[in-house]
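Novice: The structure is given below, and queries will be raised subsequently.
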Amino acid sequence: MTPPLRVAVIGVGHLGRHHVRLLSALPDVALVAAVDLLPERARAAADAGGAEALTDFRALFGRVDAVTIAVPTADHLSVAREFIERGVHVLVEKPMAASLDDADAMIALAKTSGALLAVGHTERFNPAITAAMPIVVAPRFIEVHRLSGFPERSLDIDVIFDVMIHDLDVVLALVHSEVLAVDAIGVPVLTPRIDIANARIRFASGCIANVTASRISRDKVRKVRFFQPDMYVSVDYQTQELDVWRLRHRPGERPAIEGGRVEIKQEEPLARELIDFVAAVRERRAPLVSGHDGRRALELATRVAEAIDTGS
């Protein structure tokens with residue numbers, strides 16, 4: 001029989017504790033440890049997941065086949081490097097790195113060692129997005145709103161790299177075309193970093209994506225709308241709802257608009273992401289969101305941030 005995949009979670013704060021919860025419940029997975037610099041946080045997560053509590057990730061060397069990393073972005077490369085170089089498979093949370101140079105280094109290390117590198121863009125695993133992807137084949141205009149209240153978790157990055165990057169990843173996965181231009185505006189409101197931003201992205205295909213992200217709004221909205229010839233597709237990330245409307249041409253009559261709600265089986269996106277990561281390791285295949293995908297999203301997020309910095 002195939003032995004359980006030995007996995008550990010490094011960084012068990014706001015998001016990492018959910019990694020522990022989900023990985024500890026997966027079949028054929030042995031959760032070895034929950035690691036955090038704060039002993040009490042490591043202990044709480046480890047107890048919940050039936051694993052060992054550690055404060056130093058180096059204690060995992062030689063004991064794990066794979067790790068998920070949910071430490072502050074600035075530390076992604078330094079932590080991931082230690083495991084990738086040892087051939088340990090890594091899922092690193094978004095944004096994959098603090099800079100494009102760090103992302104390139106991570107990808108190069110994985111190529112050399114043969115370790116699998118996945119990036120935690122959970123919205124790609126949202127059942128409503130998964131159902132929409134085969135339908136959205138030639139988008140001409142994309143409108144995204146991701147609005148939420150000020151988060152209680154710690155913020156080491158601005159709203160572009162914190163939450164907008166989710167939508168940039170989804171847009172890039174659906175628009176298979178070069179980005180020609182990025183116009184953006186952003187405002188720091190409650191922190192020294194940008195808390196609300198809007199980007200208008202123009203692709204060589206002619207598609208325009210208008211993406212708004214906020215972490216200072218009263219109402220919580222997470223929606224994306226796709227417009228393509230004869231079709232309108234709407235996804236609510238939060239409720240996992242998909243609406244599809246089509247224009248049906250009728251000879252000799254006025255065209256008819258048909259469609260409505262598409263039935264979706266609701267599932268936790270993070271659970272699907274971790275299941276994909278474990279399966280990719282076992283099957284020796286690429287994960288749904290690879291290091292290269294994570295780097296593309298990071299590159300576009302960087303262009304958005306630069307457009308705001310320069311005022312262009």
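The values are calculated or read from the model by the stated rules, or taken from the named source; none is laboratory data. It should be emphasised that the depicted structure is a prediction, and the values quoted were computed from it without experimental measurement. Note that each Cβ is placed from the backbone with ideal geometry, even for glycine, and that neighbours are counted across all protein chains shown.
Novice: Among the residues of segment 276-295, which ones are touching a helix residue (DSSP H, G or I) at 6+ places or on another chain (Cβ under 9 Å), assigned to a helix (DSSP H, G or I) and crowded, with 17+ Cβ neighbours inside 10 Å?
Specialist: Matches in segment 276-295: Asp276, Val278, Gly291, Asp293, Gly294, Arg295.
Novice: Let me ask you something else. Out of the residues in segment 253-275 that are under 30 Å from Ala66 (Cα atoms) and among the charged types (D, E, K, R), which is surrounded by the most Cβ atoms within 10 Å (Cβ to Cβ)?
Specialist: Glu273
Novice: May I pose another question? Do we have any residue at all in segment 100-118 that's within 20 Å of Arg6 (Cα to Cα), surrounded by fewer than 16 Cβ atoms within 10 Å (Cβ to Cβ) and modelled with pLDDT of 95 or more?
Specialist: Checking segment 100-118: at least one residue is within 20 Å of Arg6 (Cα to Cα), surrounded by fewer than 16 Cβ atoms within 10 Å (Cβ to Cβ) and modelled with pLDDT of 95 or more.
Novice: Something else about it: Go through (1) crowded, with 18+ Cβ neighbours inside 10 Å; (2) not in a loop (DSSP other than H, G, I, E, B) for Asp183 and report which single condition fails.
Specialist: (1)
Novice: Can you name the condition, by its number, that Asn210 falls short on among (1) under 30 Å from Leu270 (Cβ atoms); (2) modelled with pLDDT under 95; (3) touching an Asp or Glu at 6+ places or on another chain (Cβ under 9 Å)?
Specialist: (2)
Novice: When both residues are 6+ apart or on different chains and their Cβ atoms are under 6 Å apart, which pairs have a first residue that lies in segment 1-16 and is among the basic types (Lys, Arg), and a second that is at pLDDT 95 or above?
Specialist: From residues that are among the basic types (Lys, Arg), the pairs are Arg6/Ala30; Arg6/Val32; Arg6/Val64; Arg6/Asp65.
Novice: Shifting gears a bit: Residues that are charged (D, E, K, R) and over 21 Å from the mean Cα position of the chain (by Cα): does segment 87-110 have at least one?
Specialist: Looking through segment 87-110, none of the residues is charged (D, E, K, R) and over 21 Å from the mean Cα position of the chain (by Cα).
Novice: Out of Ile185, Ile165, Ile160, Ile196, report the one residue that is under 27 Å from Ala128 (Cα atoms), touching a residue at least 24 places away in the same chain (Cβ under 8 Å) and more than 17 Å from the chain's Cα centre (by Cα).
Specialist: Ile196
Novice: Still on this structure: Mind checking which residues of segment 201-233 are surrounded by fewer than 22 Cβ atoms within 10 Å (Cβ to Cβ), under 22 Å from the mean Cα position of the chain (by Cα), in a loop (DSSP other than H, G, I, E, B) and basic (Lys, Arg)?
Specialist: Correct list: Lys220 only.
Novice: Can I ask one more? Collect the residues in segment 239-252 that are at pLDDT below 95 and either in a loop (DSSP other than H, G, I, E, B) or crowded, with 17+ Cβ neighbours inside 10 Å (or both), keeping them in residue-number order.
Specialist: His249, Arg250, Pro251, Gly252
Novice: Now a separate question. Please go through segment 106-160 and give me each residue that is within 20 Å of Arg200 (Cβ to Cβ) and in contact with a Gly (Cβ under 8 Å, 6 or more places away or on another chain), ordered by number.
Specialist: Matches in segment 106-160: Arg140, Asp158, Val159, Ile160.
Novice: Let me ask another. Need a quick list: helices (runs of 4 or more DSSP H) entirely within segment 62-148 having at least 3 residues that are free of Cβ contacts under 8 Å to residues at least 12 places away in the same chain.
Specialist: Ranges flagged: 100-113.
Novice: Moving on. Test of understanding: among Asp236, Asp276, which residue is in the same structural domain as Leu77 (by TED's automatic domain parsing), closer than 28 Å to Leu23 by Cα, modelled with pLDDT of 95 or more and not hydrophobic (A, V, I, L, M, F, W, C)?
Specialist: Answer to the selection: Asp276.
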